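Contents: one structure, followed by commentary.
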Amino acid sequence: MAVDIWLNQSYQLIAGAELYCSPRSFRVWSYDPTFGRLLLRNTPSPQGRHDGIRVDIMFQSVRAMKLRDNYQGLRITCATQDERERIRTESPQTTHLSTFRDDHRDRFLVLQSGAGFDYVVAGAVGWREDRAPLGWPSSFVAPVPTPSVR
């Protein structure tokens, strides 16, 4: 059974709310600065096994981020007011982002895994769980159209 979640509305993104939590390990799979798309994907177990479940976490319209290369377990929450202020301090480009615009584009999201403070400021976040090999392209990315042959 596939799981498909997309969060981009204020009622879905309440300060302090836990959005996603998994004991799986994740790493940055891709980043497209043109469209502001950041994709995290689960990795095989420490024993190198893949249980057949692929999890892609997509951040859309990324404006700022502070990440590590991998996460051993991952929890994503909506930033509290104190965390938002910390993000604004660490990423000066976010200081102009008004709280009035939060309903439309700027979501302050905290990524937790052990010690440290990581975050993504983006317009939306979503994830998909499905049964697929880890090397396959993400279902978040539209396939390249194939030209028709006449």
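For Ala79, nonlocal amide neighbours, meaning residues 5 or more places apart or on other chains whose placed amide H falls under 5 Å from its own, are Gly16, Phe108, Leu109, Val110.
When peptides 75-88, 27-40 are sorted by average Cβ neighbour count within 10 Å, with the highest value leading, the order is 75-88, 27-40. Across the range 109-119, rounded Karplus estimates of 3J(HN,Hα) from the backbone phi angles (6.51 cos²θ - 1.76 cosθ + 1.60, θ = phi - 60°) give 10, 9, 9, 10, 6, x, 7, x, 10, 10, 7 Hz, Gly and Pro being marked x.
Just so you know, all these numbers are worked out from the coordinates, no wet-lab data involved. Note that the structure is predicted; figures quoted are calculated from it, not measured. Counting neighbours? That spans all protein chains shown, and the Cβs are built from the backbone with ideal geometry, glycine included.
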